[in-house]
Amino acid sequence: MKRLLSILMAAFMTTAAFALDMPFFNGYAGLLGNMTGKKDADSYDPDIDIEAFFSGQLDFSGKFLARGEFYISSEDLLQNDLFEETTQNNAVFRIEELSATYKMSTTASSHYFSAFLGNFEPIGSDIFLQRQFGIQPITSKLTASWHSLSGASVYPFYGSGISYVYHPESSGAFGLYFYMNKQTEEDETKNVMNLDLRLAKLFSNLTVDFSAGLGFPVENTDENGNKVFLLVREIQLHAGMNFLLGNRYTTSFFMQGGFNKFVLSSDNETSHKITFADLYFLIEPRLTLRLFQLNIAAFNIPRESAEHMMYLKRATDKDENITNLLGLNANVVTDHLYLGNTNFTFGIHSTLILTDSDFEALKDDPKVVLDWNYEIYVTPYVSMPVLGGTMNASLAASILDFKDDWKSAVDFSLGFKTRF
């Protein structure tokens, strides 16, 4: 880690030293406040917390790019008195991305060489497509996240490494990534060496972004406890994709999917099958009518992805044992509304989530489906331009919790994003 930070710092200094013009800076920032009801509280005592992110980019004549992206999440502000000095940590700070990119252009193509730390251009996010092709976001509104510009991803990873992207004149891009990250299983943390290949292509009515790679957990001791330089006992496969047939302005079909880990080879006698806790998929037909758009999605999202999503994280917060969310979502949204001369967007998510779907038991007894736990959420939301940025507000209602205490069944979020 220290070595990579040194490389990134050297890259930043090299960028400043060789740039002929003053760098161009642009950035993006967001602040979100959440008020979450407590179901079992004797009196109404909601949690109030704040999330914020900042993303900045230095562009040196289009040849060097230095990026930094940071995320902050506070604890409950009512439990931690803001006006009282405390020695306790009351917020979490996370570096989402630090990267340095050198761009080399020829008459027929562009080449991008990067060193990075963090969650860099994750598959499932459309940030790679935005950077390479300049397109508008295409991912589902259901998976919206406040953690960074990248948003949620098929398999979140936090690593350090290098990458190379080849972008010819045609609307395609090909990437190669080599990075190290960590995996934690049963209280054991291992370093994993990864090699990924990425292919993205843009057509007039088709967008495809696909990535696949191999992971090699590395160890430094053999079965006898002897120190070794490098030992690999297992080979893993991970993959993910985004697929949009049509475009974001017309009736279209969006699909994304992937999995975090499939064991191809291992010294241990472990199962090589993929479970629902490993599998990510979202299938979403989008029907565009004259006054509104209707999106209907079927999904299975692992916990590590869902807990970063604005409209799904409540389900993971309620039960720490949930491994995946299987469900359906209907989203009705329109941007043909005006408040005076201000155009704004209004929509409603209706979401059914199964939180303990035991498919193994279902093979023996089809009636077991009646015993599955499920959640139903209705979430109206609004987005409108304010003071040079965008204000976002949403109200999430857990329908099945209303019978106990309606105040604790409602969450409210209010946020603001701006570019500069």
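The values are calculated or read from the model by the stated rules, or taken from the named source; none is laboratory data. Note that the structure is a prediction, hence the values are computed from the model and not measured. Each accessible area value is taken on the protein alone, full model and side chains, heavy atoms only, with ligands, DNA and RNA left out. Shrake-Rupley method; radii C 1.70, N 1.55, O 1.52, S 1.80 Å.
Where the accessible area of the chain is counted over protein heavy atoms with a 1.4 Å probe, how much of it, in %, is carbon and sulfur?
Whole-percent figure for carbon plus sulfur exposure: 59.
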Largest first and rounded to whole Å, the semi-axes √(5λ) derived from the alpha carbon gyration tensor of the stretch 116-256 read 34, 16, 12
Mean separation of Cα pairs under 8 Å and 6+ residues apart, divided by the residue count of the chain: what relative contact order is that in percent? 12 percent
At 10 °C and 1.306 mPa s, the Stokes-Einstein diffusion coefficient in µm²/s for the stretch 270-310, with hydrodynamic radius from the Kirkwood sum on alpha carbon pairs, is 126 µm²/s
What percentage of all Cα-Cα pairs in the stretch 231-344 are separated by more than 22 Å? 51 percent
For the stretch 153-296, what is the accessible area per residue in Å² when the probe is 1.4 Å? 55 Å²
Spelling out what I want: for every residue of the stretch 133-150, take phi, set θ = phi - 60°, compute 6.51 cos²θ - 1.76 cosθ + 1.60 (Karplus), and round to whole Hz; glycine and proline get x. 10, x, 7, 7, x, 10, 6, 5, 5, 5, 9, 4, 9, 10, 7, 5, 5, 5
Kirkwood hydrodynamic radius, the stretch 203-253, all distinct C-alpha pairs: what's the number in Å? 14.5 Å
Relative to 2.2 N^0.38 Å, what does the C-alpha radius of gyration of the chain come to as a ratio? Two decimals please. 1.05
Can you report the principal axis dimensions of the stretch 95-172 using only the alpha carbons, biggest first, rounded to whole angstrom? 40, 26, 16
Can you give me the orientation-averaged projected area of the convex hull built on the Cα atoms of the stretch 157-234, in nm²? 7.0 nm²
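Okay, helix-only estimate at 222 nm for the chain: each DSSP H run of n ≥ 4 adds -39500 (n - 2.57), divide by all residues, round to 500 deg cm²/dmol; what do you get?
It lands at -2500 deg cm²/dmol.
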Would you please give the residues with an amide H less than 5 Å from that of ASP45, counting only those at least 5 places away or on a separate chain, with H modeled from the backbone geometry? LYS38
Hey, what's the stretch 308-355 come to in accessible area per residue, 1.4 Å probe, Å²? 50 Å²
